[in-house]
Amino acid sequence: MDDQGVIVQKNSVRYGKTGAAMYHSHHDLIRFWERAVRRADLPVRMTQGFNPRPRLVFPHALGVGIASLHEEVEMEFSRRIENADILDRLRYACRGVLDIRQVTTLPPVKKGRTAKEFRYEISGWPRDVLSTLTGAIDQLLAKESVCMRRGAPGAERRVDIRPYLRELRISDGKVLAKVMNSLAGTARPDEIAGALADECGVDASALHILKTGMALD
């Protein structure tokens, strides 16, 4: 019988979230992964209590409507299983929904990793605003603070996203952004896109945001 009290093995699964999956909320994604590991018949450790669930850790919750080439979920196992076997089983269980890219081994400790940097690509800019976009990026980075409103009406708070903007530049008509993440917060890619779109007179809803990378500690 598997010993659910011991982490025998721990792995990180890297996957892409594109297409229709980009409109799934983080809670939808958690439920999907709980079903996927059961469908894959993986020996994932379970939580204790009246409603045991697979022990899964997500270093980052991606916003709805944002596609990603780099998401990760950490899994704790109660017995050993080959990485290649995990990869094959999850590709079958997640087919048509998520693109399972890689399985790596982690130290068998309960503490999960945290994201420290994100990389985004914002595309869909009209060609005639690219010169204006360069100036908008320079103006945004020159500011000491860039405040955004977050929260529901009546409970809004102002958040300064400027400290988290590490890099903004244009490449092949796309805005490439590097954003720092910390316990204090981060800058959301839709906020960056919206700020630049306002400066250029562009409809931000027509832009496409793709998360291209994530650095974990």
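Before moving on, here are some points about what is shown:
Condition check ((1) β-branched (Val, Ile, Thr); (2) within 30 Å of Val175 (Cβ to Cβ); (3) without any contact (Cβ under 8 Å) to a residue 40 or more places away in the chain) across all residues:
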{"residue": "Leu29", "(1), (2), (3)": "no, yes, yes"}
{"residue": "Pro52", "(1), (2), (3)": "no, no, yes"}
{"residue": "Gly63", "(1), (2), (3)": "no, yes, no"}
{"residue": "Ala67", "(1), (2), (3)": "no, yes, no"}
{"residue": "Val73", "(1), (2), (3)": "yes, yes, no"}
{"residue": "Glu76", "(1), (2), (3)": "no, no, no"}
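- Exclusive hit being loosely packed, with under 14 Cβ neighbours inside 10 Å, over 16 Å from the mean Cα position of the chain (by Cα) and of a type in the set (Ser, Thr, Tyr), set Ser182, Ser171: Ser171
- Condition check for Leu141: more than 30 Å from Ser25 (Cβ to Cβ) and at pLDDT below 95: no
- Elements of type strands (runs of 3 or more DSSP E) in region 110-170, at least 2 residues being farther than 30 Å from Leu56 by Cβ: 147-150, 157-160
- Tallying residues that are closer than 19 Å to Gln102 by Cα and of a type in the set (S, T, N, Q) within region 9-61 yields 4.
- Pair list, Cβ under 8 Å, 6 or more apart: region 88-108 residue of a type outside the set (S, T, N, Q) and surrounded by 14 or more Cβ atoms within 10 Å (Cβ to Cβ), other residue modelled with pLDDT under 95 and assigned to a loop (DSSP other than H, G, I, E, B): Leu106/Arg113
- Filter pass, Arg79 being part of a loop (DSSP other than H, G, I, E, B), within 30 Å of Arg35 (Cα to Cα) and either of a type outside the set (A, V, I, L, M) or touching a Pro at 6+ places or on another chain (Cβ under 6 Å) (or both): yes
- Look at region 127-147: where a residue is exposed (fewer than 11 other Cβ atoms within 10 Å of the Cβ) and a partner is part of a helix (DSSP H, G or I), sitting 6+ places away or on another chain with Cβ atoms under 8 Å, you get Glu144/Arg162; Ser145/Arg162.
- All positions within region 54-80 that are over 26 Å from Leu207 (Cα atoms) and either surrounded by 19 or more Cβ atoms within 10 Å (Cβ to Cβ) or under 22 Å from the mean Cα position of the chain (by Cα) (or both): Pro54, Arg55, Leu56, Val57, Phe58, Val73, Glu74, Met75, Glu76, Phe77, Ser78
- Considering region 191-211, and only residues there that are touching a strand residue (DSSP E or B) at 6+ places or on another chain (Cβ under 6 Å) and over 17 Å from Tyr164 (Cα atoms), the residue that is surrounded by the fewest Cβ atoms within 10 Å (Cβ to Cβ) turns out to be His208.
The values are calculated or read from the model by the stated rules, or taken from the named source; none is laboratory data. Here the structure is a predicted model, which means the values were calculated and not measured. Glycine gets a Cβ as well: all are built from the backbone with ideal geometry, and neighbour counts include every protein chain shown.
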